[in-house]
Protein chains: 2
Amino acid sequence: MKISAFTVEDVPMIQKGDDLAKIVADRACLENDDIVVFASTIVSKAEGRRFLLDAIEPTAEARELALLNKEDPKFIQYVLDNSTRVLLKHPLLVQTIYGNVCINAGIDRSNTESGYILLLPEDSDRSAREIRDRLKELTGKTVAVVITDTNGRSFREGQIGVAVGCAGIAAVHDRRGDVDLFGHELKITIQGITDEVASCANMIMGEANEGTPIAIIRGYRYVKDDRGIKVCYRSDETDLVKQALYEKL
Amino acid sequence: MKISAFTVEDVPMIQKGDDLAKIVADRACLENDDIVVFASTIVSKAEGRRFLLDAIEPTAEARELALLNKEDPKFIQYVLDNSTRVLLKHPLLVQTIYGNVCINAGIDRSNTESGYILLLPEDSDRSAREIRDRLKELTGKTVAVVITDTNGRSFREGQIGVAVGCAGIAAVHDRRGDVDLFGHELKITIQGITDEVASCANMIMGEANEGTPIAIIRGYRYVKDDRGIKVCYRSDETDLVKQALYEKL
Ligand SMILES: Nc1nc2c(ncn2[C@@H]2O[C@H](COP(=O)(O)OP(=O)(O)O)[C@@H](O)[C@H]2O)c(=O)[nH]1
Ligand SMILES: Nc1nc2c(ncn2[C@@H]2O[C@H](COP(=O)(O)OP(=O)(O)O)[C@@H](O)[C@H]2O)c(=O)[nH]1
Ligand SMILES: [Mn+2]
Ligand SMILES: [Mn+2]
Ligand SMILES: [Mn+2]
Ligand SMILES: [Mn+2]
């Protein structure tokens, strides 16, 4: 198998209301089955998810957590407002209202103006479907769309790209029942394909001033569905790591 | 940026003593700065890390954990012998003697003969350095080598490729001090590049009977060092998730 992955060049600074699909269609020649990957930061910007840090009044809980994390209490208040539960106080790992678990509820201050914060898209699976449909409209091509963020992991240093939304590609590829080289059935393998796609794209997008928030992965054969990334978020009931963290708090 | 990623075709069933570098050199035309990625399973096979399941006598602890996990007590004994500590009893998440944290100490039964198990390489960073040096000898090219395994994650369903060893590529790329698009210094970003490379490669290798355990990533600019993947394993003292899991047990 051979794939290629490349960034879309000359993407402008994204503003509220920008048509991300048009920005791609004007700069790249899409092919059917391409996977078009967007950094969540530009989806957030296009959807107007930028807020003034000063627009919020921190609670006592936010002040306490801010002290612990040497952070601005207003920033922490935004984190709490975007979370259903705290899993670790420092670093501030939370169950977000979006479904994913991450540090600071995925709220960014880098790559946006000083004094502002950028929330994750309200529903990144929906955003992915909308961009995918608009790309079809503009180019006639049937593609998949993945929206990524950069996240830390348990047990390992270093942040990697993960998917926070997807459309037209199955979040996971269930290989149970397929056979290995010796003819034995696989019992447990569920490939986190869309997160692997996200890591591959994130690696070429970069994290700083590269200015390349859109990547295209071409030549990969993937399973198609429209259930979004939410199917791979473990619930509180099935997630033993979450349970241990809740208990420790 | 544009990269390509492709699997090496016609790789045989790997046996103890096989020269993996030669297998690549005979089948692919390497270029300087290629990243050559090997599934740990074939490194283990080449290094003779295959053992007979029956060659071990399970302890009482192994029997108890086997019952809980509906597993063979002998298999669980191998897991315990390859672990320094249990983090979760079911699924059996352990701190391995190799440094990484994973389910079943990374011991495989798929893609190997029935009745046998395959342990992770003894020291995958060393294996990576050896293969890298041998590739230089055979081809004259200076490349990086990454050894991968397929692992689950906290909070998310789906397994992804991670690095268990590397040579010639820095496990993490520290971006602290670099500036974002607005000129602000990044404060926390440490890119887990080598794990992203592993995910990208794993995605094209597959998990079943594809028979493609070697992938080459070409065109990616990476930071070079020889410190291996171990630098990104968090210690018990700094890893709050591990601590919560230990306490819960
Ligand atoms: N051209 C352009 N690039 C951007 C913009 N915002 C972020 N980027 C780039 O997108 C990539 C990912 O940015 P990052 O802040 O890590 O996004 P996140 O991972 O979604 O939080 C980097 O290459 C940034 O330089 C933008 O508005 N325009
Ligand atoms: N040609 C060949 N392919 C193999 C061999 N062992 C495993 N593979 C393939 O390597 C890929 C990864 O296998 P997997 O069992 O998931 O390895 P792991 O991720 O390192 O545990 C799949 O495409 C397998 O079919 C082998 O001995 N020869
Ligand atoms: Mn982000
Ligand atoms: Mn990022
Ligand atoms: Mn394995
Ligand atoms: Mn695998």
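Here A:Lys74 is the anchor, and the aspartates and glutamates within straight C-alpha reach of less than 12 Å, apart from those fewer than 8 places off in the same chain, are A:Asp54, A:Glu57, A:Glu61, A:Glu64. Taking amide H as placed 1.01 Å from N in the peptide plane, the amide H of B:Ser83 sits under 5 Å from that of B:Ile97, each at least 5 places away or on another chain. Interface B-A: total buried accessible area of about 6800 Å², 1.4 Å probe, protein heavy atoms only.
Checking every one of the chymotrypsin sites (Phe, Trp or Tyr not before Pro) in the stretch B:106-191 against DSSP loop status and a limit of 14 other Cβ atoms within 10 Å picks out B:Phe182. Placing a label point 7 Å from the Cα of A:Glu137 along the Cα-to-Cβ direction, the distances to the matching points in the other copies come to 6.1 nm, shortest first.
For peptide B:211-222, the mean count of partner chain Cβ atoms within 10 Å of a residue's Cβ comes to 2. For the stretch B:50-119, the relative contact order comes to 30 percent (Cα pairs under 8 Å, sequence separation of at least 6). Say a paramagnetic label sat at a point 7 Å from the Cα of B:Glu185, along Cα to Cβ; which residues of the stretch A:81-120 have their backbone N under 16 Å from it? Under cut-off, by backbone N: A:110-111. Taking a Cβ cut-off of under 12 Å around B:Arg175, the surrounding Lys, Arg, Asp and Glu residues balance to a net charge of -4, with basic ones at +1 and acidic ones at -1. With the label put 7 angstrom out from Cα along the Cα-to-Cβ vector, A:Lys224 ends up 4.3 nm from the copy partners, going from closest to farthest. For B:Ser199, the shell of other residues with beta-carbons less than 14 Å away shows a net charge of -2, using +1 for Lys and Arg and -1 for Asp and Glu.
Per residue, chain A reaches -8500 deg cm²/dmol at 222 nm when only DSSP H runs of four or more residues are counted, each adding -39500 (n - 2.57). What do you get for GluC sites (Glu not before Pro) in the stretch A:11-93 restricted to DSSP loop and a cutoff of at most 15 other Cβ within 10 Å of the site's Cβ? Counting only loop positions with at most 15 other Cβ atoms within 10 Å, the GluC sites (Glu not before Pro) in the stretch A:11-93 are A:Glu31. Shielding by partners for peptide A:142-155, expressed as the average number of C-beta atoms from other protein chains within 10 Å of each residue's C-beta, is 4. For B:Lys248, the lysines whose Cα falls under 20 Å of its own Cα, not counting residues fewer than eight places away in the same chain, are A:Lys89, A:Lys242, A:Lys248, B:Lys89.
The relative contact order of chain B comes to 26 percent, based on Cα pairs under 8 Å that sit 6 or more residues apart. Take each residue of peptide A:105-113, count the partner chain Cβ atoms within 10 Å of its Cβ, and average: the result is 3. Relative to the other identical copies, A:Thr84 shows label-point distances of 3.6 nm, where the label point lies 7 Å from Cα along the Cβ direction and values run shortest first. Using a probe of 1.4 angstrom and keeping all protein chains present, the accessible surface of chain A works out to 41 square angstrom per residue. With semi-axes defined as the square roots of five times the eigenvalues of the C-alpha gyration tensor, the equivalent ellipsoid of the stretch A:50-119 measures 17, 15, 10 Å, largest first. Of the solvent-accessible surface of chain A, computed with a 1.4 Å probe and all protein chains present, 50% belongs to carbon and sulfur.
When you count the other C-beta atoms within 10 angstrom of each residue and take the mean per peptide, A:32-42, B:35-45 line up highest first as B:35-45, A:32-42.
The values are calculated or read from the model by the stated rules, or taken from the named source; none is laboratory data. Just so it is clear, the model here is predicted, and its values are computed rather than measured. Please note: Cβ atoms are built from the backbone with ideal geometry, for glycine as well, and neighbour counts cover all protein chains shown. Side chains included, ligands, DNA and RNA excluded: accessible areas come from the protein's heavy atoms. Shrake-Rupley method; radii C 1.70, N 1.55, O 1.52, S 1.80 Å.
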